[in-house]
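Colleague: My questions will all concern the structure given below.
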Amino acid sequence: MTELVVNTARHRTNFLEARAKVPRLVIAALLTSIAYYVGAKVGLALTFQPHPVSTLWPPNAILLAALLLSPPRWWFFILLAVFPAHLLVELGANIPASMTLSWFLSNCTEALIGALVFRYLAREEIRFDSTRSVGMFLVAAALGPFLSSFLDAGFVVLNRYGQSPYWDVFRMRVFSNVLASVTLVPLIVTWRTYSMHSVRGVRWSRYVELFLLVVGLVLVGLISFGTQRAGQNTTPAFLYLPLPLMLWAAIRFGPRGSSTALLAVSFFAIWGAIHGLGPFATQSAEMNALSVQLFLILASMPLLFLAALIKERERSQETALQEEERLSMALDAAQMGTWDWRIAEDTADWSAQSKRMLGLATDSSITSEAFYSLIHVDDRTRIKEAIKHSIFEGAPYDAEFRIPQKDGNVRWVRGVGKVILNHNGQPTRMMGVNLDVTNWKLAEEALQETSERNRAILRALPDMVFLISRDGIYLDYHARGPGKLLVPPAAFLGKRVSDVLPRRVAAQVMACLEKAGVTDRPQILEYSLMMDNEERHYEARLIGMEGDKTLSVVRDVTDRQRALQALKDSQEKLHHSHNQIRDLLGRLIDAQEAERRRMSRELHDDLSQRVATLSVSISRLKKKLPMSEAELALELDVLRGHIDNLTNEIRSLSHQLHPAVLEHLGLVTALESFIQSFRNEEQIEVILNADTGEVRIPFQTSICIYRVAVEALRNVARHSAASSAQVSLKCFDNVIELRVSDAGKGFHVETARHGDGLGLVSIEERLRLLQGSCEIKSMPQHGTTIIARAPLS
């Protein structure tokens with residue numbers, strides 16, 4: 001729907017433009033036809049009889065002017081419009097129809113040739129205020145009549161119109177049409193652009209001058225071309241009377257005035273020659289016409305060039321004045337002042353801005369030494385040398401210096417100048433400008449301080465900084481060391497992101513660049529790269545800048561990522577340990593309950609029965625009393641045996657709960673005692689090798705190693721089915737090591753760890769509490785070795 005409305009509006013606009021152009025074309029064609037008719041009437045009136053060619057034939061010039069002033073698409077309609085006027089004039093003058101049609105064809109040919117030649121050479125609209133345009137017009141005005149006259153003269157001969165030979169008709173037509181073109185076309189073109197608005201603001205003296213010029217042209221025309229009869233003694237000097245007035249018109253009134261004056265003089269000269277008056281009526285009609293034509297053609301050409309040259313000079317002067325005004329405004333706006341130093345006289349002219357910069361009075365004019373005295377003493381010698389170098393070497397002068405102020409501050413001034421040489425190559429003047437650069441210097445110092453501060457910040461930052469264009473080209477960078485970069489700077493500066501980074505990372509960077517260009521929020525990107533055979537992690541923050549640039553701050557977060565991963569692993573291990581501890585606590589509670597049940601069975605099944613037996617024996621003894629001493633002694637011996645067994649059981653049970661020998665006699669003695677009991681109970685040969693020397697073993701470490709050895713030997717007795725075992729105990733490097741090994745049937749260590757038993761778990765947990773370690777080596781049918789290590793400190 002929108003396209004339909006737009007297209008409809010466009011068609012309506014084109015239609016309205018076409019309707020607006022149709023009246024203009026009609027008006028142009030109608031005016032050209034009327035002018036052609038009038039010009040033809042005038043041309044017939046200016047014909048020297050009995051020749052068929054007019055001295056000045058305006059219709060061709062009018063038609064040429066119309067074609068030059070209209071677009072080429074109008075030319076056909078204009079030529080078609082003048083055809084009725086041509087027929088009306090020619091047939092009304094009793095000219096044969098064939099000759100009428102022939103002349104229309106030759107007239108149109110002349111106008112077309114002239115218009116085409118001018119447009120091809122000039123390639124611009126016709127104008128008579130430019131010497132180039134005037135030159136191109138004169139070429140076209142001469143070439144058109146010259147080429148078309150071959151056709152025109154041939155038509156005259158073929159139609160047997162007149163008695164003149166071919167070349168005479170050719171010559172008369174060439175000069176007639178050239179004269180018409182150089183007099184009428186400039187007049188039509190220059191007066192076409194005239195408007196009433198040009199009259200406004202003109203001083204009254206200008207009208208007086210114009211009136212005097214018109215009166216002078218009329219008087220001079222009548223005197224020069226209308227007072228002397230043919231055959232009398234003519235005065236040739238009268239021929240030059242119009243020249244001052246035509247020069248006056250060209251100089252004071254430009255191309256419009258010169259073309260008007262030339263047309264007026266032409267009519268006076270031709271009218272006088274036709275009526276036998278003036279300096280051109282002394283010979284035959286043919287020679288009179290040729291004289292008039294040559295005089296007017298040769299007079300018109302310099303006048304046209306003179307008027308155009310004056311206009312160009314006026315435009316150049318106006319342009320120079322405008323440029324001078326613009327330069328003055330620009331210098332004032334830029335706070336720049338000019339100076340002009342006459343070297344030989346040692347005097348200088350300063351503009352108001354320069355005087356303000358130097359602190360001079362408004363009407364002061366100082367010498368070079370006085371100027372040097374105004375400069376800061378530290379800059380004075382340098383400025384002298386710079387000026388001398390410019391004068392003697394011809395080099396441009398460009399220097400900055402300081403002017404001390406009354407308040408103690410300084411004003412920075414930059415002077416730029418050039419030496420002017422005379423025709424002998426000697427320096428005569430030195431001209432230039434001064435620019436107050438105090439604010440620039442202060443800003444430069446502030447910028448330098450800011451740059452130093454920024455560089456210090458960048459040097460202190462561990463981050464890398466990259467300046468990237470919006471289309472992904474690396475423009476600049478900062479890095480603390482080349483080792484932090486993926487590739488050397490020469491390999492990525494000026495290159496695209498896709499040419500440097502891996503494809504996946506480059507795509508992510510380009511997406512962030514696109515987002516950074518439309519938002520003020522920084523774009524955060526995390527990625528990883530392979531650097532020195534290891535994976536490095538990076539975090540990039542991209543923020544859009546002015547123009548099409550983006551700043552990317554890249555930080556190596558490998559350590560942070562590793563710390564986070566380690567923390568995650570630790571949390572997982574802690575969680576796993578927590579679960580293991582909960583499981584261990586449950587299993588320890590079960591073990592504690594099992595131990596209590598065992599102790600309960602021991603107390604109930606063994607100790608309680610022994611106590612009951614002892615009680616029964618005492619009751620039986622009590623019933624036997626009185627008895628002989630021998631019998632009493634025998635019964636008491638039996639009771640003593642029961643009491644000794646009970647004491648041994650209680651001692652054994654106490655020793656299992658807490659080995660007192662370990663606390664009083666040491667680890668080695670406690671192990672020897674346990675191993676001896678273990679041999680007797682389990683019938684397994686155990687060999688102990690202890691090499692602890694004089695090392696003092698802390699009690700907590702001793703009890704831990706003792707419990708580990710007890711648990712390991714119990715596992716040998718319960719699970720290995722081995723007939724012997726070896727126990728090794730030694731100290732080295734502040735570490736005590738217990739090694740228990742057997743040649744039994746072995747087992748899978750990981751399977752045993754995740755089983756229901758508490759033996760291995762209790763061993764590992766005991767050692768972990770002392771920051772020790774436990775190593776278990778076992779394979780089915782290959783025996784088992786348990787190595788426990790604990791620090792002595």
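The values are calculated or read from the model by the stated rules, or taken from the named source; none is laboratory data. Values in this document were obtained by computation on a predicted structure and should not be read as measured data. Please note: Cβ atoms are built from the backbone with ideal geometry, for glycine as well, and neighbour counts cover all protein chains shown. Surface accessibility is based on the protein's heavy atoms, side chains included, excluding ligands, DNA and RNA. Shrake-Rupley method; radii C 1.70, N 1.55, O 1.52, S 1.80 Å.
Colleague: On the given criteria, is residue 504 open to solvent by 80 Å² or more (accessible area, probe 1.4 Å), more than 18 Å from residue 531 (Cβ to Cβ) and either at pLDDT 80 or above or more than 18 Å from the chain's Cα centre (by Cα) (or both)?
Modeller: No, not satisfied.
Colleague: Cβ-Cβ under 9 Å, sequence separation 6+ or interchain: first residue in the stretch 350-376 and closer than 11 Å to residue 434 by Cα and of a type in the set (Lys, Arg), partner open to solvent by 60 Å² or more (accessible area, probe 1.4 Å) and at pLDDT below 80. Which pairs?
Modeller: That search, which allows pairs on different chains as well, returns 355/362; 356/335.
Colleague: To continue, here is another question. Could you give me the residue pairs with C-beta distances under 7 Å whose first residue belongs to the stretch 287-303 and is of a type outside the set (A, V, I, L, M, F, W, C), whose second residue is modelled with pLDDT under 80 wherever it lies, and which are 6+ apart or on separate chains?
Modeller: Every condition considered, the pairs that remain are 288/48; 288/273; 288/280; 288/281; 291/280; 293/55.
Colleague: Taking the stretch 670-683, which residues are in contact with a helix residue (DSSP H, G or I) (Cβ under 6 Å, 6 or more places away or on another chain) and surrounded by fewer than 18 Cβ atoms within 10 Å (Cβ to Cβ)?
Modeller: Within the stretch 670-683, 673, 682 meet the criteria.
Colleague: State yes or no: is residue 55 open to solvent by less than 30 Å² (accessible area, probe 1.4 Å), hydroxyl-bearing (Ser, Thr, Tyr) and at pLDDT 80 or above?
Modeller: no
Colleague: Assess whether residue 659 counts as being modelled with pLDDT of 80 or more, open to solvent by less than 50 Å² (accessible area, probe 1.4 Å), of a type outside the set (Gly, Ala, Ser) and under 28 Å from residue 735 (Cβ atoms).
Modeller: Taking the combined requirement at face value, the residue does not satisfy it.
Colleague: Find all pairs meeting these conditions: Cβ atoms under 6 angstrom apart; at least six residues apart or on different chains; first residue within the stretch 84-98 and closer than 20 Å to residue 35 by Cα and touching a residue at least 40 places away in the same chain (Cβ under 8 Å); second residue open to solvent by less than 60 Å² (accessible area, probe 1.4 Å) and small (Gly, Ala, Ser).
Modeller: 85/33; 89/40
Colleague: Tally the residues that are open to solvent by 70 Å² or more (accessible area, probe 1.4 Å) and either at pLDDT 75 or above or of a type in the set (Lys, Arg) (or both), restricting the search to the stretch 201-222.
Modeller: 10
Okay, residues lined up against (1) part of a strand (DSSP E or B); (2) of a type in the set (A, V, I, L, M):
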{"residue": "356", "(1), (2)": "no, no"}
{"residue": "360", "(1), (2)": "no, yes"}
{"residue": "369", "(1), (2)": "no, no"}
{"residue": "373", "(1), (2)": "no, no"}
{"residue": "386", "(1), (2)": "no, yes"}
{"residue": "414", "(1), (2)": "yes, no"}
{"residue": "424", "(1), (2)": "no, no"}
{"residue": "429", "(1), (2)": "yes, no"}
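Colleague: Still on this structure, I have one more. Would you pick out the residues in the stretch 114-145 that are among the β-branched types (Val, Ile, Thr) and under 11 Å from residue 68 (Cα atoms)?
Modeller: Listed by number, the residues that qualify are 117, 126.
Colleague: Report, ordered by the first and then the second residue, all pairs with beta carbons closer than 7 Å, sequence separation of six or more or different chains, a first member in the stretch 682-711 that is closer than 16 Å to residue 788 by Cβ, and a second member that is of a type in the set (S, T, N, Q) and surrounded by 15 or more Cβ atoms within 10 Å (Cβ to Cβ).
Modeller: Short answer, once both residue conditions are applied: 689/728; 711/762.
Colleague: Could you tell me how many of the residues in the stretch 334-348 are touching a Lys or Arg at 6+ places or on another chain (Cβ under 8 Å) and either closer than 19 Å to residue 389 by Cβ or open to solvent by 40 Å² or more (accessible area, probe 1.4 Å) (or both)?
Modeller: Here the count works out to 4.
Colleague: Kindly provide the set of residues from the stretch 541-568 that are part of a loop (DSSP other than H, G, I, E, B) and not acidic (Asp, Glu), ordered by number.
Modeller: Of everything in the stretch 541-568, those that are part of a loop (DSSP other than H, G, I, E, B) and not acidic (Asp, Glu) turn out to be 545, 547, 557.
Colleague: Okay, moving on. Just need a number here: residues in the stretch 388-412 that are of a type in the set (S, T, N, Q) and in a strand (DSSP E or B).
Modeller: The qualifying residues number 0.
Colleague: Which members of the stretch 717-754 meet the condition of being touching a residue at least 60 places away in the same chain (Cβ under 8 Å) and in a helix (DSSP H, G or I)?
Modeller: Scanning the stretch 717-754 gives a single hit, 720.
Colleague: Filter the stretch 241-256 down to residues that are crowded, with 20+ Cβ neighbours inside 10 Å and under 10 Å from residue 303 (Cβ atoms), then give me how many there are.
Modeller: Residues flagged as crowded, with 20+ Cβ neighbours inside 10 Å and under 10 Å from residue 303 (Cβ atoms) within the stretch 241-256 amount to 4.
Colleague: A further question on this structure: Mind listing whichever residues of the stretch 321-348 are over 23 Å from residue 440 (Cα atoms) and modelled with pLDDT of 80 or more?
Modeller: Of everything in the stretch 321-348, those that are over 23 Å from residue 440 (Cα atoms) and modelled with pLDDT of 80 or more turn out to be 340, 341, 342, 343, 344, 345, 346, 347, 348.
Colleague: Right, something else. Output the number of residues of the stretch 127-179 satisfying the condition of being of a type outside the set (Asp, Glu), surrounded by fewer than 19 Cβ atoms within 10 Å (Cβ to Cβ) and outside any helix (DSSP H, G or I).
Modeller: Residues that pass the stated criteria total 7.
Listed here are the residues, each with its yes/no results for (1) open to solvent by 30 Å² or more (accessible area, probe 1.4 Å); (2) at pLDDT below 85; (3) hydroxyl-bearing (Ser, Thr, Tyr).
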site	(1), (2), (3)
741	no, no, yes
767	no, yes, no
785	yes, no, yes
793	yes, yes, yes
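Colleague: OK, next. For residue 259, work out the one condition from (1) surrounded by fewer than 21 Cβ atoms within 10 Å (Cβ to Cβ); (2) under 20 Å from residue 179 (Cβ atoms); (3) at pLDDT 75 or above it doesn't fulfil.
Modeller: (1)
Colleague: Follow-up question, since we're still on this one. Yes or no: residue 717 at pLDDT 80 or above and closer than 15 Å to residue 788 by Cβ?
Modeller: It is false that residue 717 is at pLDDT 80 or above and closer than 15 Å to residue 788 by Cβ.
Colleague: Restricting to the stretch 79-126, give me the number of residues that are over 22 Å from residue 160 (Cα atoms), open to solvent by 10 Å² or more (accessible area, probe 1.4 Å) and within 60 Å of the chain's Cα centre (by Cα).
Modeller: So the count comes out to 14.
Colleague: In addition: Filter the stretch 392-414 for residues that are over 30 Å from residue 426 (Cβ atoms) and among the aliphatic types (A, V, I, L, M); which is surrounded by the fewest Cβ atoms within 10 Å (Cβ to Cβ)?
Modeller: 410
Colleague: Checking residue 468 against (1) closer than 24 Å to residue 558 by Cα; (2) open to solvent by less than 40 Å² (accessible area, probe 1.4 Å); (3) at pLDDT below 85, which single condition isn't satisfied?
Modeller: Residue 468 satisfies all of (1) closer than 24 Å to residue 558 by Cα; (2) open to solvent by less than 40 Å² (accessible area, probe 1.4 Å); (3) at pLDDT below 85 except (3).
Colleague: Just one of (1) touching a helix residue (DSSP H, G or I) at 6+ places or on another chain (Cβ under 8 Å); (2) in a loop (DSSP other than H, G, I, E, B) trips up residue 419, so point out which.
Modeller: (2)
Colleague: Residue pairs, Cβ under 9 Å, 6 or more apart or interchain, first in the stretch 432-459 and over 30 Å from residue 420 (Cβ atoms) and modelled with pLDDT under 80, second among the β-branched types (Val, Ile, Thr) and assigned to a strand (DSSP E or B). List them.
Modeller: From the stretch 432-459, the pairs are 458/465.
Colleague: Continuing with the same structure: Taking the stretch 527-540, which residues are in contact with a helix residue (DSSP H, G or I) (Cβ under 9 Å, 6 or more places away or on another chain) and not in a loop (DSSP other than H, G, I, E, B)?
Modeller: Passing the criteria: 527, 528, 529, 531, 534, 535, 536, 537, 538, 539, 540.
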